[in-house]
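Chemist: Below you will find the structure I want to go over with you.
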Amino acid sequence: MKKAIALFLTLAMMLSLTPAVLAADSGRTDRGTQLEAVEVPGESLLDDMESSDSGRVNVEQLYDDDDIVTVIVQLEDPALMDYYGTSAYSADNGMTPGESVSAFLGSSAAQSAAQDLLDEQEMLANQIAGLGQDGASRTFSAQPAGAEVVAQWTALLNGMAVEVPYKMLDEIRALDGVKRAYVARTFAEPDEPVTDAGGIAGYSYDMVHLQEVWDAGYTGKGMLVAVLDTGLDLDWRAYESTEGSHIWSVHEAFTDNSFKSADAKENLRYNSASLASFLLSNSLNAETRGSETEVTYEFNALYKNLKVPFAYDYADLDLNVLPSESDHGTHVAGTAAGYSEDEEGVVEFSGVAPDAQILAMKVFGDATGSAAEPDILSALEDAVKLGADVVNLSLGSDNGFAEDDTAANDVYAAAEEAGIILMTSSGNSAYSSSNNNRGGYNLSSDPEISMMSSPAVYDSNLAVASINSTVAVEAYFTWTDEDQVEHRVVYNDPTGVAMKYKFAGQEPVSIIPVSGAGTEQDYYDAGFRNYYGYGEKGVSGIALVQRGGEDEDGEPVTFADKINNATRFTWNYYDSSTGTNVSACPVQAVIVYDNVEGELVTMSVDGTALTSCFISKADGEAIVEAIESGYDVKITVQEEDRLVSWDQAGEMSEFSSWGAGPG
């Protein structure tokens with residue numbers, strides 16, 4: 001029953017999350033053509049391929065022989081979880097799947113078997129360290145530089161990560177007891193969430209009838225959700241704050257009181273004492289940190305609070321999971337299990353399983369912004385040891401393969417077979433013919449459109465795609481015509497925030513129409529000038545220019561060109577009336593209006609600094625017409641977005657990756 005509850009909550013989460021696309025390839029292959037994923041980290045396996053007579057696919061070598069690479073080595077002997085299905089722990093014993101797996105892996109028999117696997121790995125590591133130039137192996141008691149074991153796993157995978165010169169890869173594959181060996185992959189950081197779920201989350205929850213499930217008592221009580229992502233908005237430090245806590249700040253959705261039900265704390269899987277007790281008899285990768293010596297943290301530091309009883313940065317090997325850049329991990333954790341109320345008890349935000357606890361596992365590095373495969377495998381192993389019922393990974397590679405020659409398929413399959421729910425991103429790349437030169441259509445000779453990512457395409461995983469909500473969120477500004485009729489103009493801000501940040505809550509700003517394509521001369525003709533305290537000062541306001549057009553040389557004027565041409569004008573002078581120096585661009589922002597009817601586009605504004613946005617052809621022409629009739633149009637940018645019914649509600653989001661999976 002608890003597994004069924006976990007599955008339902010997972011499906012609800014799938015309809016509530018906006019997935020992110022990352023670069024990777026993974027899986028397993030045991031029949032037919034093998035796909036060499038090992039030398040192409042972060043790229044599609046369809047790039048640089050050449051077929052050989054042997055049925056294998058060769059790819060261009062990306063490393064020099066002496067380059068030090070991290071190699072994932074999977075041994076032939078089974079991992080611990082291969083025996084779980086035949087153990088008494090797998091029987092229906094009233095525990096959640098995660099609890100049962102944790103109990104199995106913590107048993108004395110499993111821990112003894114784990115030590116045997118580690119001993120076996122050590123013997124193989126010594127062989128790898130002793131590989132000579134002729135390929136023969138010798139046994140050394142110590143590993144030379146360039147052959148360092150950086151991680152070891154026994155639960156989901158009998159394997160290790162070893163740093164070696166690239167030229168040793170084929171020799172490692174040839175060693176007895178090696179099932180596979182390949183260069184570890186690197187995963188790119190997920191995209192930021194498209195919207196703030198807080199404003200519209202209730203609408204998507206209604207789509208899956210979540211309130212009915214909550215009313216029946218299924219709110220995630222006693223469940224444990226692992227989020228392997230960019231981190232969590234929780235700042236832990238080794239020294240205490242003035243309040244006597246090592247947590248200096250935490251998002252309001254992840255506090256000790258972030259639970260929906262009054263009795264939720266009676267069903268928690270971990271508190272400070274129980275986690276400390278667990279760590280006394282179990283060894284985690286977060287404690288070994290890639291070495292043979294186990295670390296005992298002061299202050300029970302892996303524990304954070306009742307909502308987040310465990311948090312660790314696997315990428316940077318430290319205790320603080322505060323994101324360095326992307327808040328994607330906070331977004332995912334909040335959608336899964338976050339919860340907050342104001343002082344009066346009014347619900348400010350709720351995830352789909354607000355009574356569940358969160359394992360915050362940061363796998364994206366602060367400096368690199370990427371996730372290394374060994375760190376992900378270490379976090380996955382700790383997640384199952386701790387007893388996670390659901391694991392969310394925003395990882396995937398476009399055009400993924402359901403099977404390939406990496407260890408990932410074995411890892412995910414072992415977790416899935418034990419009843420642990422694995423959620424992975426299907427991708428944000430629509431389908432293969434999107435934005436092509438054939439109007440979005442495929443050739444009849446190549447009808448396959450799939451852009452499904454791996455590992456979402458694996459048999460073992462639930463692929464998280466995106467469907468449209470019942471409402472759309474629109475940013476807008478208003479202006480009033482000479483008849484005192486208010487016009488609401490929806491705009492698309494390429495940054496998402498710049499227009500509001502600069503103009504919301506401020507006095508209305510005049511619109512200055514710019515004829516032509518938006519060249520520097522066009523801005524001059526509209527009245528904008530450089531001013532240094534003398535001469536003609538010119539006009540100031542928000543420029544309105546139409547999309548498209550060419551410059552005097554017949555070259556197209558891009559969005560970025562239009563915006564950058566506006567910045568060629570500057571005011572720099574001393575204002576005696578205020579006693580201040582003025583340094584500003586008289587073009588306060590650029591609004592581009594479309595030259596065709598249709599959906600609002602997102603402008604490419606790379607290399608620009610000036611605030612800008614995009615509006616429809618009809619709205620732009622209406623403003624120009626009012627100004628040409630002699631009316632001074634001033635706009636007010638609204639701070640709050642508006643919600644409107646969406647005629648595409650319930651349909652697959654146009655950006656979400658499409659395609660069939662295996663079977």
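Chemist: Being β-branched (Val, Ile, Thr) and more than 29 Å from residue 347 (Cβ to Cβ): is that true of residue 296 here? I'd like the intermediate steps shown before the answer.
Modeler: On the way: β-branched (Val, Ile, Thr): yes; more than 29 Å from residue 347 (Cβ to Cβ): yes.
In short, yes.
Chemist: Just need a number here: residues in the stretch 114-129 that are open to solvent by 20 Å² or more (accessible area, probe 1.4 Å) and under 20 Å from residue 279 (Cβ atoms).
Modeler: Adding up the residues that qualify gives 2.
Chemist: Is it fair to say residue 353 is open to solvent by less than 10 Å² (accessible area, probe 1.4 Å), out of contact with any Asp or Glu (no Cβ under 8 Å at 6 or more places or on another chain) and in a strand (DSSP E or B)?
Modeler: no
Chemist: From the set of residues in the stretch 368-422 that are aliphatic (A, V, I, L, M) and at pLDDT below 80, which is nearest to residue 303 (Cα to Cα)? Let's see the steps before the verdict.
Modeler: First pass over the stretch 368-422, keeping only residues aliphatic (A, V, I, L, M): 371-372, 376-377, 379-380, 383-384, 386, 388, 390-391, 393, 395, 402, 407-408, 411, 413-415, 418, 420-422.
Now drop any that are not at pLDDT below 80, which leaves 395, 402.
Numbers: 395: 26, 402: 36 Å.
Among them, the one singled out is 395.
Chemist: For the stretch 148-255, which strands (runs of 3 or more DSSP E) that fit wholly inside it have 3 or more residues that are at pLDDT below 95 and more than 30 Å from residue 112 (Cβ to Cβ)?
Modeler: On the way: elements: 148-153, 159-165, 178-183, 186-188, 224-229, 234-236, 247-250.
By residue number, 186-188, 234-236, 247-250.
Chemist: What number of residues within the stretch 616-637 are of a type in the set (S, T, N, Q) and part of a strand (DSSP E or B)?
Modeler: Pass one, the stretch 616-637, residues of a type in the set (S, T, N, Q): 616, 629, 636.
Pick out the ones that are also part of a strand (DSSP E or B) and you get 636.
Counting residues in the stretch 616-637 that are of a type in the set (S, T, N, Q) and part of a strand (DSSP E or B) gives 1.
Chemist: Still on this structure, please answer the following. Test of understanding: among 279, 306, which residue is open to solvent by less than 50 Å² (accessible area, probe 1.4 Å), of a type outside the set (S, T, N, Q) and not in a loop (DSSP other than H, G, I, E, B)?
Modeler: On the way: 306 fails: not in a loop (DSSP other than H, G, I, E, B).
Exactly one residue qualifies, and that residue is 279.
Chemist: I would also like to ask the following. Being part of a helix (DSSP H, G or I), modelled with pLDDT of 95 or more and open to solvent by less than 30 Å² (accessible area, probe 1.4 Å): is that true of residue 110 here?
Modeler: Numbers: part of a helix (DSSP H, G or I): yes; modelled with pLDDT of 95 or more: yes; open to solvent by less than 30 Å² (accessible area, probe 1.4 Å): yes.
Against the criterion (part of a helix (DSSP H, G or I), modelled with pLDDT of 95 or more and open to solvent by less than 30 Å² (accessible area, probe 1.4 Å)), residue 110 qualifies.
Chemist: Restricting attention to the stretch 315-363, and to residues there that are more than 21 Å from residue 382 (Cα to Cα) and among the β-branched types (Val, Ile, Thr), which single residue is modelled with the highest pLDDT?
Modeler: 352
Chemist: Continuing with the same structure: Failed condition for residue 642, given (1) in contact with a helix residue (DSSP H, G or I) (Cβ under 9 Å, 6 or more places away or on another chain); (2) among the charged types (D, E, K, R); (3) farther than 23 Å from residue 561 by Cβ, with all others met?
Modeler: (1)
Chemist: Conditions first: (1) open to solvent by 10 Å² or more (accessible area, probe 1.4 Å); (2) at positive phi; (3) of a type outside the set (D, E, K, R); (4) touching a strand residue (DSSP E or B) at 6+ places or on another chain (Cβ under 7 Å). Residue 378 passes all but one, so which condition is the exception?
Modeler: (2)
Chemist: Give the stretch 261-270 a look and list any residue that's open to solvent by less than 70 Å² (accessible area, probe 1.4 Å) and either under 16 Å from residue 385 (Cα atoms) or not in a helix (DSSP H, G or I) (or both), or say none.
Modeler: Listed by number, the residues that qualify are 261, 263, 268, 269, 270.
Chemist: May I pose another question? Search the stretch 525-540 for residues that are open to solvent by less than 80 Å² (accessible area, probe 1.4 Å) and pair each with any residue that is acidic (Asp, Glu) when their beta-carbon atoms are under 7 Å apart and the residues are at least 6 apart or on different chains.
Modeler: 529/536
Chemist: Would it be correct to say that residue 502 is modelled with pLDDT of 95 or more, part of a helix (DSSP H, G or I) and crowded, with 17+ Cβ neighbours inside 10 Å?
Modeler: Details: modelled with pLDDT of 95 or more: yes; part of a helix (DSSP H, G or I): yes; crowded, with 17+ Cβ neighbours inside 10 Å: no.
For residue 502, the condition - modelled with pLDDT of 95 or more, part of a helix (DSSP H, G or I) and crowded, with 17+ Cβ neighbours inside 10 Å - is not met.
The values are calculated or read from the model by the stated rules, or taken from the named source; none is laboratory data. Given the structure is predicted, the values throughout are model-derived calculations rather than measurements. We place every Cβ from the backbone using ideal geometry, glycine too, and count neighbours over all the protein chains shown. To get the accessible areas, we keep the full protein, side chains included, count just its heavy atoms, and leave off ligands, DNA and RNA. Shrake-Rupley method; radii C 1.70, N 1.55, O 1.52, S 1.80 Å.
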